[in-house]
Amino acid sequence: MNSESMDVRVDYSRVFTQAIDRLHAEGRYRVFIDILRNKGSFPNARCFAGHNGPKPITVWCSNDYLAMGQHPKVIAAMEEALHDVGAGSGGTRNIGGNTHYHVDLEGELADLHDKEAALLFTSGYVSNEATLATLAKILPGCVIFSDELNHASMIAGIRNSGCEKRVFRHNDLAHLEALLAAEDPSVPKLIAFESVYSMEGDVAPIAAICDLADRYNALTYLDEVHAVGMYGARGGGISEREGVADRLTIIEGTLGKAFGVMGGYIAASRTIIDVIRSYAPGFIFTTSLSPVLVAGVLASVRHLKGSSAEREGQQASAALLKGMFAEAGLPVMIGDTHIVPLMVGDPVKAKKISDVLLAEYGVYVQPINYPTVPRGTERLRFTPGPAHTPAMMRELTDALVEIWGRLALRKAA
Ligand SMILES: Cc1ncc(COP(=O)(O)O)c(C=O)c1O
């Protein structure tokens, strides 16, 4: 190799370091907080970051919304499965990894959403990516209409399908209709959206979107990740609460948030489930969920179908915290859901508030930055659940008021 060709060689290490430096410069370099949750006393946990030994903390940003990950029935079911069948599934669903737990859970989830069938994936992310990418490939010429705030996993699926995409303004029915009307009536269409938008805490007009789907002969794909377990009489999500589950072509959910364990799924007609099962690489070519996890989810879904106490507790906690924040003049984004975001609007300040809360008050809430939310809308996202007490909320509010004053932050308008 001559000296000239040496000069043009890529300096890989420099490229990687610069990529990380850019995140630091923008104030959005992500730091993982090292914690262990205390089984049976959620939201209490221990934090290992920057301390001599574990420090007690209160978790305010968990998506184990109903503390089902610590529910005695869930833990007992997982222990029983572990001792009965061992740790892993041993294969893909097609080759050795189709356990009776998986079959049972798919039946339970189909029933939850009043659909003919359901299909499990290793996460909600994978279920969105795999399903959307596969559906649009199966439907030649398909155009997907996607809400602008859709989750990264839906965007990845749409991109990987290679189909045409039209992005409609968030929850904007007029814009969606204009885009649908502009399309050739003969092309296949799919509207992809969420029920509860997890960073805003607002809810989609599902029935009205289904009306548009009917009018323009489009399929509908609803991500209920932040609603399953928490809304509807049996935890079937906002679509159950509003009596519109039967109008949706596909409902997608996670098993890792309100159900407290791990995994994802879709529920739909038998034919659609058969298509995704048969064609989606993200379903076919991966080891199926551990039966231990599936047993835990089964217990969780069954419990939440019959018990509304957790849902009611969560709603009461969210209402109380929103009220306390608003009364204290904190810039709370008021929505109709369990999610309580406080707008900061700056990544460095959001990180600073989170650092002070953890170091001085034992409060753990992660700052939310770009690309999870648009730049300039950085926020703290609180997820109070049935186990957060009014006393904890009072302490949290007082801490935030003190920090807001100390850092001279903008209060509510
Ligand atoms: C709207 C939405 N859909 C899908 C997912 C992915 O779900 P999972 O965490 O099970 O992969 C998330 C995760 O945060 C989400 O917020």
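Taking segment 199-218 only, how many residues are more than 16 Å from the ligand (Cβ to nearest atom), in a loop (DSSP other than H, G, I, E, B) and of a type in the set (G, A, S)? The number of residues fulfilling the criteria is 1. For segment 165-198, taking the residues that are part of a loop (DSSP other than H, G, I, E, B) and within 16 Å of the ligand (Cβ to nearest atom), the one that is surrounded by the fewest Cβ atoms within 10 Å (Cβ to Cβ) is identified as H170.
Just checking, which of I158, I209 is β-branched (V, I, T) and either surrounded by fewer than 19 Cβ atoms within 10 Å (Cβ to Cβ) or within 26 Å of T337 (Cα to Cα) (or both)?
Numbers: I158 fails: either surrounded by fewer than 19 Cβ atoms within 10 Å (Cβ to Cβ) or within 26 Å of T337 (Cα to Cα) (or both).
The conditions single out I209.
Taken as a whole, the structure leaves C47 outside the set of residues that are within 16 Å of the ligand (Cβ to nearest atom) and under 25 Å from the mean Cα position of the chain (by Cα).
If the requirement is being more than 16 Å from the ligand (Cβ to nearest atom) and in contact (Cβ under 8 Å) with a residue 24 or more places away in the chain, which of these qualifies: S13, S62, S89? Walk me through how you get there before you give the answer.
Values: S13 fails: in contact (Cβ under 8 Å) with a residue 24 or more places away in the chain; S62 fails: more than 16 Å from the ligand (Cβ to nearest atom).
One residue alone meets the criteria, S89.
A136 - would you say it is more than 16 Å from the ligand (Cβ to nearest atom), over 18 Å from the mean Cα position of the chain (by Cα) and either modelled with pLDDT of 95 or more or within 27 Å of E240 (Cβ to Cβ) (or both)? Write out each step before concluding.
On the way: more than 16 Å from the ligand (Cβ to nearest atom): yes; over 18 Å from the mean Cα position of the chain (by Cα): yes; either modelled with pLDDT of 95 or more or within 27 Å of E240 (Cβ to Cβ) (or both): yes.
Judged against the criteria, A136 is a match.
Considering only segment 303-324, I want to know if a residue exists there that is surrounded by fewer than 24 Cβ atoms within 10 Å (Cβ to Cβ) and within 16 Å of the ligand (Cβ to nearest atom). No: segment 303-324 contains no residue that is surrounded by fewer than 24 Cβ atoms within 10 Å (Cβ to Cβ) and within 16 Å of the ligand (Cβ to nearest atom).
Every condition in (1) in contact with a Gly (Cβ under 8 Å, 6 or more places away or on another chain); (2) farther than 25 Å from A258 by Cβ; (3) without any contact (Cβ under 8 Å) to a residue 60 or more places away in the chain is met by A133 except one, and the failing one is (3).
Total residues in segment 94-131 satisfying the condition of being away from the ligand (no atom under 16 Å from the Cβ), closer than 19 Å to Y279 by Cα and polar (S, T, N, Q): the figure is 2.
Just checking, does segment 22-38 include any residue being small (G, A, S) and under 27 Å from S307 (Cα atoms)? Walk me through how you get there before you give the answer.
Taking segment 22-38 as the starting set, the residues that turn out to be small (G, A, S) are 25, 27.
Then drop every residue that is not under 27 Å from S307 (Cα atoms), which leaves none.
No, that holds for no residue.
Being within 16 Å of the ligand (Cβ to nearest atom) and within 15 Å of E183 (Cβ to Cβ) is not true of S153.
In this structure, is G264 touching a strand residue (DSSP E or B) at 6+ places or on another chain (Cβ under 7 Å), buried (at least 20 other Cβ atoms within 10 Å of the Cβ), of a type outside the set (D, E, K, R) and modelled with pLDDT under 95?
Values: touching a strand residue (DSSP E or B) at 6+ places or on another chain (Cβ under 7 Å): yes; buried (at least 20 other Cβ atoms within 10 Å of the Cβ): yes; of a type outside the set (D, E, K, R): yes; modelled with pLDDT under 95: no.
No: the conditions fail for G264.
If you check V344, V275, V294, which single one turns out to be within 28 Å of T249 (Cα to Cα) and buried (at least 22 other Cβ atoms within 10 Å of the Cβ)?
Values: V344 fails: within 28 Å of T249 (Cα to Cα); V275 fails: buried (at least 22 other Cβ atoms within 10 Å of the Cβ).
It is V294.
Summed over segment 23-35, the residues that are loosely packed, with under 11 Cβ neighbours inside 10 Å and not in a loop (DSSP other than H, G, I, E, B) give a count of 2.
Any residue in segment 74-85 that is in a loop (DSSP other than H, G, I, E, B) and modelled with pLDDT of 95 or more?
Looking only at segment 74-85, we keep the residues that are in a loop (DSSP other than H, G, I, E, B), and these are none.
Checked against the condition, which is being in a loop (DSSP other than H, G, I, E, B) and modelled with pLDDT of 95 or more, segment 74-85 yields no hits at all.
Among the residues of segment 364-412, the ones that are within 22 Å of the chain's Cα centre (by Cα), farther than 23 Å from H226 by Cα and of a type in the set (A, V, I, L, M, F, W, C) come to 0 in all. Name every residue in segment 173-194 that is of a type in the set (A, V, I, L, M, F, W, C) and in contact with a helix residue (DSSP H, G or I) (Cβ under 7 Å, 6 or more places away or on another chain), in order of residue number. Answer for segment 173-194, where residues must be of a type in the set (A, V, I, L, M, F, W, C) and in contact with a helix residue (DSSP H, G or I) (Cβ under 7 Å, 6 or more places away or on another chain): L173, L176, L180, L190, I191, A192, F193.
Residues considered: T389, T377, T337. Of these, the only one that is over 30 Å from G236 (Cα atoms) and either without any contact (Cβ under 8 Å) to a residue 60 or more places away in the chain or buried (at least 20 other Cβ atoms within 10 Å of the Cβ) (or both) is T377.
The values are calculated or read from the model by the stated rules, or taken from the named source; none is laboratory data. Not measured: the values here are computed from a predicted model. All Cβ positions, even for glycine, are placed from backbone atoms using ideal geometry, and neighbour counts span all protein chains on display.
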